[in-house]
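What follows is a set of notes on a single structure, which appears directly below.
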Amino acid sequence: MRILVTGGAGFIGSEYVRMLLGRPGGDPARAPRIAPTSVTVLDKLTYSGNPANLDPVRHDPRLRFVHGDIVDPALVDQVVPGHDVIVHFAAESHVDRSITGAAPFVTTNVLGTQTLLDAALRHRTGRFVHVSTDEVYGSIDAGAWTEDWPLAPNSPYSASKAASDLLALAYHRTHGLDVVVTRCSNNYGPYQFPEKVVPLFVTNLLDGGTVPLYGDGGNVRDWLHVHDHCRGIALVQEKGRAGEVYHIGGGTELTNRELTGKLLAACGAGWDRVVPVTDRKGHDRRYALDITKIETELGYAPSIDLDHGLTETVRWYRENRAWWEPLKAAHG
Ligand SMILES: NC(=O)c1ccc[n+]([C@@H]2O[C@H](COP(=O)([O-])OP(=O)(O)OC[C@H]3O[C@@H](n4cnc5c(N)ncnc54)[C@H](O)[C@@H]3O)[C@@H](O)[C@H]2O)c1
């Protein structure tokens with residue numbers, strides 16, 4: 001199987017590539033059954049894309065890296081032929097950046113996805129896996145979203161993801177393209193760009209600094225280790241039904257204040273290191289996914305306990321300063 005991974009130099013895409021190629025030291029019991037004959041990464045290397053994320057599999061002869069933009073139809077038209085599956089991660093992914101400037105979000109997330117879908121259609125790609133997010137639903141006070149819940153995104157990021165998610169489904173309904181969509185909750189783990197809350201807090205704390213806590217700290221997120229997200233995507237890639245949406249979640253809800261407490265403890269720091277800051281504009285209060293469909297239909301279950309996963313993640317950032325220090329120096 002020849003797999004094209006867009007955004008494969010980012011946080012989650014690179015985990016998917018490392019997992020597909022069986023990274024050295026990876027746990028074979030947790031690896032998916034997909035055995036790729038080749039993996040092509042198409043990545044623009046924006047500020048959050050980092051070739052170092054692929055270092056553990058750099059010498060694998062099955063890996064090919066293409067530096068380029070998914071919005072470029074000529075390039076996409078050259079790269080897509082010859083692949084059986086496209087797994088589409090490439091996106092502008094940070095909500096705060098979408099609040100200060102939405103243009104790259106619409107360009108990459110919407111136009112880029114449409115460019116890929118058109119190429120997949122033209123070149124008869126066997127399957128298109130679109131990686132979406134729980135943020136497309138907006139915010140929910142109680143209970144949990146099911147896959148048929150109406151989309152009501154609140155940030156320019158989530159609105160652009162909702163647009164691309166619906167476009168992907170429309171290409172299935174209109175053209176019969178074999179599309180599957182995953183919507184996942186918040187991910188944490190190694191190789192995450194240190195602007196997102198977990199690596200931002202951990203690296204600030206490891207450097208002896210403070211961490212900013214939005215509003216009253218009461219916003220609730222469902223946390224999932226990035227490896228479990230990728231295991232879920234692999235299941236959907238392999239066995240998901242065309243035209244269907246699958247939730248991937250961890251079932252571990254935490255308020256931001258609770259998450260902060262766990263990260264402080266893991267870094268040996270106290271609450272004196274926390275600085276309350278004005279809440280994010282339009283900040284969704286709570287996300288919660290019902291994952292019954294992927295559990296019952298595809299046999300998915302998260303495998304990494306949150307406390308264990310967070311401890312391991314903190315250890316990774318502690319031991320891999322050479323990965324994140326240049327990023328913080330370059331991007332503040
Ligand atoms: N991080 C999460 O918690 C989370 C949760 C659910 C879904 N998702 C989705 O998963 C996907 C990956 O998220 P992430 O956290 O790894 O993001 P990321 O920002 O770490 O990685 C994005 C990657 O896409 C690349 N990219 C951006 N624009 C591009 C373009 N125009 N052409 C080619 N490559 C481009 C970047 O260089 C980078 O390597 C996104 O689609 C995101 O919406 C993320």
With helices defined as uninterrupted DSSP H runs, which ones in the chain have an alpha carbon span along their own long axis of at least 18 Å and mean Kyte-Doolittle hydropathy of at least -1.0? 156-175, 226-239
Take residue 173 and residue 305, extend 7 Å from each Cα along the Cα→Cβ direction, and tell me the distance between the two endpoints in nm. 4.4
With an 8 Å cut-off on Cα pairs and a minimum separation of 6 or more residues, tell me the relative contact order of the chain in percent. 17
Over the Cα atoms of the stretch 100-167, how large are the radius of gyration and the largest Cα-Cα distance (Dmax), in Å? 13.6, 44
Distance between modelled label sites at residue 280 and residue 216, nm, 7 Å Cα→Cβ extension: 1.8
Determine the sum of side-chain charges near residue 137: Lys and Arg each +1, Asp and Glu each -1, restricted to other residues whose C-beta is under 14 angstrom from that of residue 137. -4
So which aspartates and glutamates can residue 161 reach, going by Cα to Cα under 12 Å and dropping same-chain residues fewer than 8 places off? 92, 134, 135
Of 288, 168, 152, which has the largest mean-square fluctuation in a 10 Å C-alpha GNM of the chain? 152
So what is the relative contact order of the stretch 75-138, in percent, for Cα pairs below 8 Å that sit 6 or more residues apart? 53
Over the alpha-carbon set of the stretch 132-290, divide Rg by the Kirkwood Rh and report the Rg/Rh ratio to two decimals. 1.01
Relative contact order computed over the stretch 63-177 (Cα-Cα under 8 Å; 6+ residues apart), in percent: 32
Shape of the stretch 246-303 from its Cα gyration tensor (a ≥ b ≥ c, root eigenvalues): rounded if a/c is under 1.5, otherwise prolate when a/b > b/c, or oblate? oblate
Starting from the eigenvalues of the Cα gyration tensor, five times each then square-rooted, give me the equivalent ellipsoid semi-axes of the chain, largest first, whole Å. 30, 22, 19
In nm, to one decimal, how far is the residue 55 label point from the residue 78 one, both placed 7 Å along Cα→Cβ? 2.9
I'd like the distance between the alpha-carbon centres of the stretch 263-307 and the stretch 208-222, rounded to an integer number of Å. 11
Calculated FRET efficiency, residue 99 and residue 62, Cβ-Cβ r, R0 41 Å, to nearest 0.05? 0.55
Reduced Cα scattering model of the stretch 57-110, Debye log10 I(q)/I(0), q = 0.17, 0.24, 0.30, 0.31 Å⁻¹: -0.71, -1.04, -1.24, -1.27
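Under the classification rounded if a/c is under 1.5, otherwise prolate if a/b is larger than b/c and oblate if not, where does the stretch 1-125 fall, given a ≥ b ≥ c as square roots of the Cα gyration tensor eigenvalues?
oblate
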Candidate lysines - alpha carbon under 17 Å from residue 293, same-chain residues fewer than 8 apart omitted: 239
Please give the FRET efficiency for residue 147 paired with residue 272, using the beta carbon to beta carbon distance and R0 = 41 Å, rounded to the nearest 0.05. 0.40
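A short reminder: the numbers here are calculations on the coordinates, not readings from a lab. Fair warning: this is a prediction, and the values are worked out from it, not measured in the lab. Here Cβ is always computed from backbone atoms with ideal geometry, including for glycine, and neighbour counts include all displayed protein chains.
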